[in-house]
Amino acid sequence: MSDGGEARTVAVIGGGVAGLTAAYELSKRGHKVVLYEAAPGLGGQAGTFEVEGARLERFYHHLFMSDLDMLSLVPQLDIADKMLWIKPRMGLFHAGQVHEFGTPRALLTFPHLGLPAKTRFALATLFLMKFNRYQLFEGTSAWEWLRKVVGRQAFDVVWGPMLEAKFAKYARDASMVWFWGKIALRGASRSSGAEQLGYFNLSFQVLIDAFRSRLEAQGTEIRTSCPIQEVRPAEDGALTVQVEGEQRQYDQVVVAIHNRDFIRIVPSLPDSYVGQLKQIQYEGGSCLLLSLEHSLSPIYWMNISAPDMPFTAIVEHTNFMPPERYGGKHVVYLSRYLPPDDPLFTVSKEELLSIYVPHLKKIQPAFDPSWIRESWLFRDSQAQPIINVGYKSLQPAFTTPIPNLYLTNTTQIYPEDRGTNYAVRLGRQVAALMLGKSGATSYVPMIGTGSKPAPFVVPD
């Protein structure tokens, strides 16, 4: 054993990136790992399906140059040659028009902000990119801080709609820590003023397949389409996992799924702990994906600053990857975050199409419904934890009240935002704790500490 201890049996529940990373770190050190995933395939929110003969993520994905944990993993999985770096065009739809947005030049030419507003917006953005201590923003509302610092005009046109798009009815209570993290991280992905984004050639399936191959080579048993019925304490600190009428005992279990599902499969959790987890609320995510005969615009990522539009972002994937990879079709995500109890979250795909499609003419006047070749609808009722002003006190630890049972999911990522990079970081950190190579029982951030950002490495 490279970690100096006896081989243990470990169950990893959840085949998203955090679960895959934890299984990888544990199994490569000789522990006997079984990975359970309820869905037919691995990847979680980074999972893919087939579109026009190619694999594509159900929910849009890309990487930033600041994603140091993911970028340190890529060569370990021998997929560095599959990484692409692209400078796509970013945009903003406002006042009935599509505008380029996201570079200094685009800000200077943007017609809906005066010079004082542009100056305040630029200075505030620069400050947030360079400032490396999130503690300044603890207890501060992003809504109030941004309105005060950039002024009402820039706030009402740009950042106010962004907060409402992300957090809906919770927008006014969203933490400035969360907002700072978004800007600080994206600033590190800029080259000559333009944002540079990463992607796997041909999709994140490259990452998922590399994980599977490496895990199987390391002796991990992978069980997909295998929902867990219950996890409960057994004798001598072991844990029993019940699945498909079968019971197996493990020395350790790490659960890499959302809080609601964690609570359901571990009914013996203390009420006080369950109550703490239930205080964390989620926004749901809805992505209506279209395969079109023609392009909507030259913009890859377009934020929507228009209250009458039913979606809040348009991500035209084929302005990032070439349409030729998808049979010459143009692939577009129409995205919206909304509370899971919002009526729009439960309507059928056909109903959502009838609501969304008329608004596409505002983006592209030539658009006609006949352009739509195929459509798909994907939803996740726990897509985004609500990072409110007091969130730090709610952030769960990796350890739980049940010995040898560990939790890892997006609610633990703070002050950064959830994403595949931080899923890798989560998986590494919980594995290090389980291996006895780290004493950190809670997530250790990459940014905001005053030190130079660096990936987390599990010690040998």
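The values are calculated or read from the model by the stated rules, or taken from the named source; none is laboratory data. Keep in mind the model is a prediction, meaning the values are calculated, not measured. Because the Cβ atoms are built from the backbone with ideal geometry, glycine has one as well, and the counts that use them run over all protein chains shown.
Just one of the listed residues (183, 208) is touching a Leu at 6+ places or on another chain (Cβ under 6 Å), in contact (Cβ under 8 Å) with a residue 60 or more places away in the chain and either in a helix (DSSP H, G or I) or under 23 Å from residue 319 (Cα atoms) (or both), namely 208.
Being outside any strand (DSSP E or B), at pLDDT 95 or above, surrounded by fewer than 20 Cβ atoms within 10 Å (Cβ to Cβ) and not β-branched (Val, Ile, Thr): is that true of residue 325 here? Step through it out loud before you land on a result.
On the way: outside any strand (DSSP E or B): yes; at pLDDT 95 or above: yes; surrounded by fewer than 20 Cβ atoms within 10 Å (Cβ to Cβ): no; not β-branched (Val, Ile, Thr): yes.
No: the conditions fail for residue 325.
Among the helices (runs of 4 or more DSSP H) confined wholly to the stretch 63-178, which include 2 or more residues that are in contact with a helix residue (DSSP H, G or I) (Cβ under 6 Å, 6 or more places away or on another chain) and surrounded by 18 or more Cβ atoms within 10 Å (Cβ to Cβ)? Can you show your working first?
On the way: elements: 68-76, 104-109, 115-130, 142-154, 160-167.
So the answer is 68-76, 115-130, 142-154, 160-167.
Examine the stretch 413-432 for a residue that is in a loop (DSSP other than H, G, I, E, B), modelled with pLDDT of 95 or more, not aromatic (Phe, Trp, Tyr) and not assigned by TED's automatic domain parsing to the domain that holds residue 129, and state whether such a residue exists. Yes, some residue in the stretch 413-432 is in a loop (DSSP other than H, G, I, E, B), modelled with pLDDT of 95 or more, not aromatic (Phe, Trp, Tyr) and not assigned by TED's automatic domain parsing to the domain that holds residue 129. Each residue in the stretch 270-288 was checked for being in contact with a Ser or Thr (Cβ under 8 Å, 6 or more places away or on another chain) and assigned to a strand (DSSP E or B), and 6 of them qualify.
Here the stretch 1-42 is the region considered, the condition is being among the small types (Gly, Ala, Ser) and modelled with pLDDT under 95, and the residue that is nearest to residue 421 (Cα to Cα) is 2. Just one residue in the set 117, 46, 95, 54 is modelled with pLDDT of 95 or more, on the phi > 0 side of the Ramachandran plot and aliphatic (A, V, I, L, M); that residue is 95. Entry remark, the stretch 211-243: residues being under 25 Å from the mean Cα position of the chain (by Cα) and either in a loop (DSSP other than H, G, I, E, B) or crowded, with 21+ Cβ neighbours inside 10 Å (or both) number 7 in total. Is one or more of the residues making up the stretch 378-388 under 30 Å from residue 342 (Cα atoms), of a type in the set (Phe, Trp, Tyr) and in the same structural domain as residue 272 (by TED's automatic domain parsing)? Within the stretch 378-388 (the criterion being under 30 Å from residue 342 (Cα atoms), of a type in the set (Phe, Trp, Tyr) and in the same structural domain as residue 272 (by TED's automatic domain parsing)), the answer is no, since none of the residues qualifies.
Look at (1) without any contact (Cβ under 8 Å) to a residue 60 or more places away in the chain; (2) crowded, with 21+ Cβ neighbours inside 10 Å; (3) among the β-branched types (Val, Ile, Thr) and you find that residue 304 fails only one, number (1). For the stretch 218-269, a residue qualifies if it is among the acidic types (Asp, Glu) and over 25 Å from residue 383 (Cα atoms), and the qualifying residues are 221, 235, 236, 244, 246, 251.
Which residues, counting only those in the stretch 386-395, are assigned to a loop (DSSP other than H, G, I, E, B) and either surrounded by 20 or more Cβ atoms within 10 Å (Cβ to Cβ) or in contact with a Lys or Arg (Cβ under 6 Å, 6 or more places away or on another chain) (or both)? 386, 387, 389, listed by residue number.
Consider residue 356 carefully, then state whether it is in contact (Cβ under 8 Å) with a residue 40 or more places away in the chain, assigned to a strand (DSSP E or B) and either of a type in the set (Ser, Thr, Tyr) or on the phi > 0 side of the Ramachandran plot (or both). Even if it seems obvious, please write down each step before you answer.
Working: in contact (Cβ under 8 Å) with a residue 40 or more places away in the chain: yes; assigned to a strand (DSSP E or B): no; either of a type in the set (Ser, Thr, Tyr) or on the phi > 0 side of the Ramachandran plot (or both): yes.
No, not satisfied.
Considering only the stretch 96-124, state which residues are touching a residue at least 60 places away in the same chain (Cβ under 8 Å) and either out of contact with any Leu (no Cβ under 9 Å at 6 or more places or on another chain) or of a type outside the set (Gly, Ala, Ser) (or both). Steps first, please.
Going through the stretch 96-124, the residues touching a residue at least 60 places away in the same chain (Cβ under 8 Å) turn out to be 96, 98, 100-105.
If the condition is that a residue be touching a residue at least 60 places away in the same chain (Cβ under 8 Å) and either out of contact with any Leu (no Cβ under 9 Å at 6 or more places or on another chain) or of a type outside the set (Gly, Ala, Ser) (or both), then 96, 98, 100, 101, 103, 104, 105 are the ones that fit.
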